[in-house]
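Q: Got a structure for you, questions after.
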Amino acid sequence: MSDSTIKKETIKIEPFDPSKMPTGCDSCPAHNAANLRRLGVDMSEWDYVVALAGNPNVGKSTVFNALTGLRQHTGNWPGKTVTRAEGGFEYAGARFKLVDLPGAYSLLATSLDEEVARDFILFGQPDVTIVVVDASRLERNLNLALQVLEITDRVVVCLNLVDEARRHGLTVDERHLARRLGVPVVPTVARSREGLDALLQAVNDVATGKIVCKPHRLRHELPGMKQAADKVEAELHALYPNLPNARWVALRLLDGDEAIIQAMRRGELGDLSRSAPNSEAVNVIRLEATPA
Ligand SMILES: Nc1nc2c(ncn2[C@@H]2O[C@H](COP(=O)(O)OP(=O)(O)O)[C@@H](O)[C@H]2O)c(=O)[nH]1
Ligand SMILES: [Mg+2]
């Protein structure tokens, strides 16, 4: 490989400012209030924020309506033509804000809808993300679920439309699925409110830290890629020990994902960490492809 094919880029990260960093604890809300404000979500009257994600047509709006009733309103995402529904509910004495994300098949940010959904989960760092999946089309739906699990470890899978699945002679072993995914899986028939109490319980348990998820993350990387990702991930870890998705961020940076690079430059990525980064660490990450 000649020198001209070596891509070199340095990203400067703003020095760490402890006054801007929330103090983390296991049962404290994990969401990022400052980033949420930028995303148009005011958390001043709420304890937790829950995002609702899923492919189109899986019953997301049905779940949203069932949980929020009349306590909801719609508007646009700031600066976007994408509509957003927002609502709230109370459970076990806590106030939950629920944000319906645009329906998406992936979080690769190749469409405006996918970008909005990804940015909300990445920067808003919701206390819980409910991924609604269609039990009768599980394989296709797990694509999005696995991508969400790459970005956040605070997930509850709502296995919806189990009545439809049953009609097609399909049963899903939700316990096995939960073990494999490393997050709670709750079977529901949202249209008749079946399973929604269990869903709320699981959401509450993840929000309050009673359940700590161990999300399944796919690792199929070519050796050269693995080496580069290991290096960037290690530097991210040194800066932000609690970043929940350092591997994913490392891979996005290596891929040249402009939104993530800009977020690093603005210091927004650092805000994703719930505790102070190592102040000894040099706040510079070098992205550097080494010749094979
Ligand atoms: N049979 C059945 N239908 C459902 C269920 N949940 C939602 N639906 C229906 O599925 C369709 C799509 O639901 P919707 O909530 O609009 O999906 P969204 O696109 O994900 O928001 C609607 O006709 C719902 O009434 C369910 O659990 N079982
Ligand atoms: Mg909908």
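Since every read-out is calculated from the coordinates, none of them should be taken as a lab result. Quick caveat, the model's predicted, so the values are computed rather than measured. Glycine also receives a Cβ, built like all others from the backbone with ideal geometry; neighbour counts cover every protein chain displayed.
Q: Report the relative contact order of the range 33-207, percent, no decimals, based on alpha-carbon pairs under 8 angstrom and at least 6 residues apart.
A: That works out to 22 percent.
Q: Checking the table 80/214; 60/80; 60/210; 97/226; 97/210 against a 29 Å threshold on Cα-Cα, which pairs fail?
A: 80/214; 97/226
Q: Bin by bin, in steps of 5 Å, what percent of the Cα pairs in the range 100-199 do you find, going until the bin that has the longest distance?
A: Calculated over all Cα pairs of the range 100-199, the distribution is 2, 13, 23, 25, 19, 12, 5, 1, 0 percent.
Q: With θ taken as phi - 60° and the coefficients 6.51, -1.76 and 1.60, list the Karplus ³J(HN,Hα) couplings across the range 179-192 in order, rounded to whole Hz; mark glycine and proline as x.
A: Running phi through 6.51 cos²θ - 1.76 cosθ + 1.60 with θ = phi - 60° gives 5, 5, 7, x, 9, x, 10, 10, x, 9, 10, 4, 4, 10 Hz.
Q: Please list the non-local residues whose amide H lies under 5 Å from the amide H of residue 104, H modeled 1.01 Å from N, same-chain partners needing a gap of 5 or more.
A: For residue 104, whose amide H was placed from the backbone, the distant partners under 5 Å are 54, 55.
Q: Which of the peptides 132-142, 82-92 is most tightly packed, and how do the rest follow, judged by the mean count of other Cβ atoms within 10 Å per residue?
A: Sorting 132-142, 82-92 by mean packing, highest first, produces 132-142, 82-92.
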